[in-house]
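Student: Provided herewith is a single structure, encoded as structure tokens, for subsequent inquiry.
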Amino acid sequence: MSKTNRPSGKFLRAKARHVLFAAGPNKLSRGRLFKKHFDQSIDLKKVEITSPSWPSAFDGLRIGHVSDFHLGDLMPLDRALGAIDTLVSQEPDIVVCTGDVVDLHVNGALPLLEALANIGAPLGTMLVLGNHDELDCASALSLMAQSSGVRLLRDASCQIHHNGNVLTVAGIDWAKTSKQCKSKVEKVCDDQTHILLSHNPKAFTTASEVGVPLTLSGHTHGGQVAMPNRRGANLAVAHRYTAGVYERGDSRLFVTVGVGAWFPLRINCPAEVALITATSSS
Ligand SMILES: [Fe+2]
């Protein structure tokens, strides 16, 4: 909860939404709704991304990308840990989580963060916060990330040294509007940044203008309900970049549809963990 132990208006609105679209209908269905939701698999999605501006020293880098666990009623810890096990089996070089670790309460997030750190990717595990991570207590979640060994990037960047080469990863906190995203991206990215982590895919527009080769995002959940085989035809109608790979010049964006959900329904939009292979030429 917030420092004053009084829930914020945003927290209360999110909780009301959860009751209206998830907990309430589940109660009416005598638990069948959540059970059906939990019966749905979390897929492994393999993605190849090529950008001429990707650093050739890191050609073939394998990035484990997870997002939007929404740990809570719709994502029990064991389901989240199962998704992380899928990534463990792929032995990624680096793991990134693009926010919404929790749905409402931050309590209970530590084992999930520890599991992400314990994947043991040689280049480490990086995290940025999503809008849901700020509803309860972002600073408590930050402390958990710190103690788990996950590197949290809050409007910051870091350099990863590997075999004499440097990979620069930047990450921004939740930013709602394109204008807010622009201001944060301009503050933390420059033409030396290789990867930007941003919960909100809106950051891609500025990231591409700055020349960041790869932006990784979540947030949209791909709308959770989509038309089959029609890219972009989904319930995330308020978003321009909703799912998959996008290009602007030499820059690329991947938006994952996420591991979790905020309402217990996914149609033609299965939950996923992503394994991205980044290269500088095809
Ligand atoms: Fe989310």
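The values are calculated or read from the model by the stated rules, or taken from the named source; none is laboratory data. Because the structure is predicted, anything quoted here is derived from the model rather than measured. Every residue, glycine as well, gets a Cβ built from its backbone with ideal geometry; the counts of neighbours run over all protein chains shown. What goes into the accessible areas is simple: the full protein's heavy atoms, side chains included, and nothing from ligands, DNA or RNA. Shrake-Rupley method; radii C 1.70, N 1.55, O 1.52, S 1.80 Å.
Student: Which of the residues belonging to the stretch 245-265 are away from the ligand (no atom under 13 Å from the Cβ) and of a type outside the set (Gly, Ala, Ser)? Walk me through it before giving the result.
Tutor: Looking only at the stretch 245-265, we keep the residues that are away from the ligand (no atom under 13 Å from the Cβ), and these are 245-254, 264-265.
If the condition is that a residue be away from the ligand (no atom under 13 Å from the Cβ) and of a type outside the set (Gly, Ala, Ser), then VAL245, TYR246, GLU247, ARG248, ASP250, ARG252, LEU253, PHE254, PRO264, LEU265 are the ones that fit.
Student: Open to solvent by less than 20 Å² (accessible area, probe 1.4 Å) and either touching a residue at least 12 places away in the same chain (Cβ under 8 Å) or of a type in the set (S, T, N, Q) (or both): is that true of GLY108 in this structure? Please lay out each step first, then the result.
Tutor: On the way: open to solvent by less than 20 Å² (accessible area, probe 1.4 Å): no; either touching a residue at least 12 places away in the same chain (Cβ under 8 Å) or of a type in the set (S, T, N, Q) (or both): yes.
No; evaluated as a whole, the condition is false for this residue.
Student: Here is a list of conditions, (1) closer than 30 Å to PRO270 by Cβ; (2) away from the ligand (no atom under 16 Å from the Cβ); (3) of a type in the set (Asp, Glu), and ASP190 meets all of them except one; can you say which number that is?
Tutor: Exception for ASP190: condition (1).
Student: Could I ask something else about it? What number of residues within the stretch 56-73 are surrounded by fewer than 14 Cβ atoms within 10 Å (Cβ to Cβ) and either of a type outside the set (Gly, Ala, Ser) or under 19 Å from VAL128 (Cα atoms) (or both)?
Tutor: Qualifying residue count for the region: 1.
Student: Cβ-Cβ below 7 Å, separation at least six or inter-chain, first residue in the stretch 28-55 and farther than 17 Å from HIS70 by Cβ and open to solvent by 60 Å² or more (accessible area, probe 1.4 Å), second part of a strand (DSSP E or B) and hydroxyl-bearing (Ser, Thr, Tyr): which pairs?
Tutor: Sorted first by the residue in the stretch 28-55, then by its partner, the pairs are GLU48/THR277.
Student: For the stretch 112-204, which fully contained strands (runs of 3 or more DSSP E) count at least 2 residues that are open to solvent by 30 Å² or more (accessible area, probe 1.4 Å) and in contact with a strand residue (DSSP E or B) (Cβ under 7 Å, 6 or more places away or on another chain)? Spell out the reasoning first.
Tutor: On the way: elements: 125-127, 156-162, 165-172, 195-198.
Fully inside the stretch 112-204 and qualifying: 156-162.
Student: Can I ask one more? What number goes with the only condition from (1) of a type outside the set (Phe, Trp, Tyr); (2) closer than 28 Å to LEU81 by Cβ; (3) away from the ligand (no atom under 16 Å from the Cβ) that GLY164 does not pass?
Tutor: Here GLY164 meets the rest and fails (2).
Student: Return the only residue of VAL273, VAL210 being surrounded by 22 or more Cβ atoms within 10 Å (Cβ to Cβ) and either among the hydrophobic types (A, V, I, L, M, F, W, C) or within 16 Å of the ligand (Cβ to nearest atom) (or both).
Tutor: Details: VAL210 fails: surrounded by 22 or more Cβ atoms within 10 Å (Cβ to Cβ).
Just a single option satisfies the conditions, and that option is VAL273.
Student: Among the residues of the stretch 82-105, which ones are open to solvent by 20 Å² or more (accessible area, probe 1.4 Å) and either among the basic types (Lys, Arg) or closer than 25 Å to ASP39 by Cα (or both)? Show your work before the answer.
Tutor: Pass one, the stretch 82-105, residues open to solvent by 20 Å² or more (accessible area, probe 1.4 Å): 82, 85-86, 88-91, 93, 105.
Those that are open to solvent by 20 Å² or more (accessible area, probe 1.4 Å) and either among the basic types (Lys, Arg) or closer than 25 Å to ASP39 by Cα (or both): GLY82, ASP85, THR86, VAL88, SER89, GLN90, HIS105.
Student: Cβ contacts < 8 Å: first residue on the phi < 0 side of the Ramachandran plot, restricted to the stretch 245-265; second residue more than 16 Å from the ligand (Cβ to nearest atom) and open to solvent by 70 Å² or more (accessible area, probe 1.4 Å), any location; separation 6+ or different chain. Result?
Tutor: From residues that are on the phi < 0 side of the Ramachandran plot, the pairs are ASP250/PRO52; LEU253/GLU247; THR256/LYS45; PRO264/LYS36.
Student: Which numbered condition trips up LEU12, out of (1) over 21 Å from ARG79 (Cβ atoms); (2) open to solvent by less than 70 Å² (accessible area, probe 1.4 Å); (3) out of contact with any Lys or Arg (no Cβ under 9 Å at 6 or more places or on another chain)?
Tutor: (2)
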